[in-house]
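One structure is given here, and the rest of the page talks about it.
The values are calculated or read from the model by the stated rules, or taken from the named source; none is laboratory data. Predicted model, so just to flag it, every value in this text is computed and none were measured. Cβ atoms come from the backbone with ideal geometry, glycine included; neighbour counts cover every protein chain shown. Note: areas computed on protein heavy atoms with side chains; ligands, DNA, RNA excluded. Shrake-Rupley method; radii C 1.70, N 1.55, O 1.52, S 1.80 Å.
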Amino acid sequence: MRKVAIVGTGHTDFVSDGPKTEVEMFCEAATEAMEEASVTPKDIQALYCGNVFGDFAEGQGMIQSYIANELGCHHIPATRFEGACASATLAIRDAFIWVASGFYDVVLVGGTEKATAMGTPLATRTFAMGSDGKYEFPAGITFPGFFALLANLYSANYDVPMERLREQMSMVSVQSHFYGTKNPHAQFKHKEVTAEQVSKGFMVASPLRLLDCCPFSDGAAALVVASEEKARELTDKPVYITGVGQASSPRLSAQAPFLPRIRAREVSVKQAYDMAGVGPQDIDLCELHDCFSIASLIAAENLGFAENGKAGELWEKGETKIGGKIPINISGGLKAKGHPIGATGASQACEVARQLRGDMDSEGRQVEGAKIGLVDTLGGDGIISNLVLQTNV
Amino acid sequence: MEYKLSFKDYHKALMKNKLMGLKCKACGTITCPPQMSCRNCTGFDLEVVELTGKGKITTYTTIYVAPEGRENEAPYIIVLVELEEGPWIMGNLYDMDPARADLDLIGKPVELGTRIFPGDKYSDGPAARPVFRFTDGK
Ligand SMILES: [Zn+2]
């Protein structure tokens, strides 16, 4: 396999009720990435695009074909990836595989979503399509409901009293909003929150309250990935994709032997760590899938940053901030940066790549000396994909 | 290979308050809701069996924000129940005020009843929904 590098990154503002279409947002992120990489449409050999609910939000399917041609990449193969909130990470993993194999030298990859166009009731319905439609949706399961079930199970299984878990979950949201105010692309760039605001917000699915939950969002992000040889021509700051992982899960109830662990994440991240030859202790920063505050704790444990039932202590001790043992979601995460689901994985990879290049000083949120970063994305109730990104190869 | 216990057959039985599952002829594990392979050993040699519908609550949540078309159902309680025969299934608990549900529910013995989700424009028809009540009559 050949080495593969990210040579360009692009990221739109994440917003609510944005004025632009999914195609327009993707094209803005893509051209930013192409400019950074100094590539023209003629250099792009394939397009991989994460997009989940274009059909519902805009009445638009097969968006990838229109995007390719709008960008001037006439007639190139373009493929849409649908893995709920993990869609763009699946797309990046495939871009990596096709470039590593030698089939392509340069691939444009990313995602776009306009979730707020659906409104909250339809968005809640469509997001629930990432659970088992026949055997679990009839009970009225929602996405917050899925993580609410895990939050109560977490408290009971690990003997973390709900009062303490409540405080830990609030700390997660407070930290995300703090860093979100430093990210000019964040949906909540003007909004800090207090622990009291989080713990007193209206209940969505007990015990999860409004500020435990990520918002519905519109936005896009894109990357140009290239073979090592091509990357050397294009940039003096390549960020290598050194490990990738992906794993699937059965319906939530059938994950019973492992819950509240998400077993697929443990499988996926092991693939990524092993391929890169690193472990959790080597990771300098992580963007993980904090769709809900409890999801951050569970993810941090599944990724190996804490023992089961202990991840909250990372936030309590400030270990997840810049300067801590494992800086997590310094972008503001899904919670404060926003979560346009088809774009989220590309946004996370863009963020980690920019951190590893040392681009974040101007925003006052650079993780100094970071060399190895981890991306973690969860789709529905259990598609997981992970990426290890490195500058020191 | 024929699907042993289709959604339609599972649904029809549940409408008569019978919970059907699949027993693996190789390892004896019970799988429910149905799927193609044994959840334990991945074998395909499964037989349809009726389950007791009895179990205990392993976790719960009260949903306050419902999906489109189901707003008038909220608030409602969702539970995961570990059945006597081993598998966990998702259902509702209709036996108490949803606002008063708390962690004390975990471990409580329950038994099956049935209601129906009439379906919406995306669901390809109705689906029986397992609902549970406390077995100790509480
Ligand atoms: Zn078996």
Calculate, axis by axis, the spread of Cα positions in the stretch A:1-94 along the three principal axes, and write the results as whole Å, longest axis first. 38, 26, 25
What is the spread of the Cα atoms of chain B along each of their three principal axes, largest first, in whole Å? 44, 36, 24
Which loop-located chymotrypsin sites (Phe, Trp or Tyr not before Pro) does the stretch A:93-174 contain, where loop means any DSSP state but H, G, I, E or B and the Cβ has at most 12 other Cβ atoms within 10 Å? A:F103
Which value, in nm² and rounded to one decimal, describes the direction-averaged projected area of the C-alpha convex hull of the stretch A:199-260? 8.5
What is the angle, in °, between the Cα long axis of helix A:22-37 and the longest principal axis of the Cα atoms in chain A? Nearest 10 is fine, range 0 to 90. 60
What is the percent of Cα-Cα separations in the protein assembly as shown that go past 31 Å? 45
Gaussian network model of chain A, Cα springs within a sub-10 Å range: biggest mean-square fluctuation belongs to which of A:Q255, A:Q60, A:Q45? A:Q60
Accessible surface buried once B binds A (1.4 Å probe; total of both sides; Å²): 3100
Quick one: Kirkwood hydrodynamic radius for the stretch A:102-209, alpha-carbon pairs, angstrom, one decimal? 16.8
Do any chymotrypsin sites (Phe, Trp or Tyr not before Pro) in the stretch A:159-253 lie in a DSSP loop with no more than 11 other beta carbon atoms within 10 Å, and if so, which? A:F202
In Å, the Kirkwood hydrodynamic radius of the stretch A:133-279 over pairs of distinct alpha carbons? 18.8
Taking the Cα atoms of the stretch B:54-134, what is the range of coordinates along each of the three principal axes, in descending order and whole Å? 36, 28, 15
Check each of the chymotrypsin sites (Phe, Trp or Tyr not before Pro) in the stretch B:1-34 and keep only those in coil by DSSP with at most 13 other C-beta atoms within 10 angstrom; list them in order. B:Y3
The stretch B:36-57 and the stretch B:78-138: distance between their alpha carbon centers, rounded to Å: 18
Peptide B:126-134 - average C-beta neighbours from other chains (10 Å radius): 2
Where in the stretch B:49-71 does accessible area fall by at least 30 Å² between the isolated chain and the complete protein assembly, at a 1.4 Å probe radius? B:T59, B:Y60, B:T61, B:I63, B:Y64, B:V65, B:P67, B:E68, B:R70
Take the stretch A:14-172, compute every pairwise Cα distance, and split them into 10 Å bins from 0; I just need the percent in each bin. 10, 30, 27, 20, 11, 2
In whole angstrom, how far apart do the alpha carbon centroids of the stretch A:1-65 and the stretch A:282-343 sit? 26
Expected integer from the mean partner chain Cβ neighbour count at 10 Å over A:247-257 is 4
Sulfur and carbon atoms: percent of accessible area, the stretch A:53-161 [1.4 Å]: 53
I'd like the accessible area for B:C32: 1.4 Å probe, protein heavy atoms, all chains in place, Å² to the nearest 10. 10
Could you provide, to the nearest whole Å², the per residue accessible area of the protein assembly as shown with probe 1.4 Å? 37
What part of the accessible area of the stretch A:236-393, given as a whole %, is carbon or sulfur when the probe is 1.4 angstrom? 46
For the stretch B:7-51: Kirkwood Rh in Å [reciprocal of mean 1/r, alpha carbons]: 10.5
Per-residue mean of other chain beta-carbon atoms within 10 angstrom of the beta-carbon, peptide A:122-128? 4
